[in-house]
1. Give the calculated FRET efficiency between Met1 and Ala148 to the nearest 0.05, with a Förster radius of 45 Å applied to their Cβ-Cβ distance.
2. Enumerate the calculated ³J(HN,Hα) couplings along region 204-211 in order (Karplus 6.51 cos²θ - 1.76 cosθ + 1.60, θ = phi - 60°), each rounded to whole Hz, writing x wherever the residue is Gly or Pro.
3. Got a sec? How would Thr215, Thr21, Thr58 order by Cβ neighbour count within 10 Å, fewest to most?
4. Along the charge dipole of the chain, pointing to its positive end and built from +1/-1 on Cβ of Lys, Arg, Asp and Glu, which listed residue (Leu39, Ile11, Phe212) has its Cα farthest out?
5. Can you tell me the relative contact order of region 29-214? Whole percent, Cα pairs under 8 Å, sequence separation 6 or more.
6. Going by C-beta contacts inside 10 Å, put Thr41, Thr60 in order with the fewest on the left.
7. Okay, helix-only estimate at 222 nm for the chain: each DSSP H run of n ≥ 4 adds -39500 (n - 2.57), divide by all residues, round to 500 deg cm²/dmol; what do you get?
8. Skipping prolines and chain starts, which residues have an amide H placed within reach, meaning under 5 Å, of the one on His116, given they are 5 or more residues away or on another chain?
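Rule-based calculations on the coordinates, nothing more; no lab input. All values reported here derive from a predicted model rather than from experimental measurement. Reconstructed Cβ throughout: ideal geometry from the backbone, glycine too, with neighbour counts over all protein chains shown.
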Amino acid sequence: MEHLADCFDLIIPDLPGFGGTPRLADFRPQSYLIWLRRLTTVLKVESIAVGGSGVGATLTRLFAAQYPSLVSRAVLSGGGALGRPGPPRGLLARFLPSFDPAQSRVEVTAPDALFHDPRAHCSDEFRRVFLNSRGASSEIGRAFAESAPPPALDPACPTLLLWGSDDHYCPTAIQQSIASEIKDARQVEIFEAGHLVMVEQPFRFAAHIRDFLFTK
């Protein structure tokens, strides 16, 4: 945040079910999109660049696709994959909580796996927050797998894909798949970083975002 706040007005909410934001009645992607749209309405935002990491990246992709007149740029970090649900996939998701086809990702069960260098970044406080959010993450995985995807899936606006070179949550094959689905997306790999690039490499992460947002 400190590397971006001098150039931009930042709005950084916890998604419902995470941090201090109460959960929604359900975890379907459309419910999250409605919540995000209401947030921008309350804040009287008329044009916005949106970004997210992990499941936040998937919602960023969907939000930018659904509201093209509102979203000017989109930044996806370590996520954004979209599964195509069907009865067998929904059935597996219901009985196997770790099976998360909508996210098409590797299930991360240990917080250390989110970092290139966990010794430097995986504090006791981070472990506590990670464990507290696992319930919401599992619920979102099941809801995304069992829900029909929104009609619009791909942003029409310029899109930046930021990946950590050691991202076990969203590995290279998935990253390339996401990049192939979004037209003219700019893809950047940041070395010596895992899934949480903004934590391990905040200056480089912010520098790429600044460059992307200031490019005509």
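1. Working: r = 35 Å, r/R0 = 0.78.
Between Met1 and Ala148 the formula returns 0.80.
2. Working through the residues one at a time gives 5, 4, 5, 4, 5, 5, 4, 4 Hz.
3. Values: Thr215 10, Thr21 13, Thr58 26.
So the ranking, lowest neighbour count to highest, is Thr215, Thr21, Thr58.
4. Comparing the listed Cα positions along the dipole, Leu39 ranks first.
5. It comes to 25 percent, rounded to a whole number.
6. Lowest to highest Cβ neighbour count: Thr41, Thr60.
7. Numbers: 8 runs with 89 residues, N = 216.
The per-residue figure over the chain is -12500 deg cm²/dmol.
8. Correct list: Gly194, His195.
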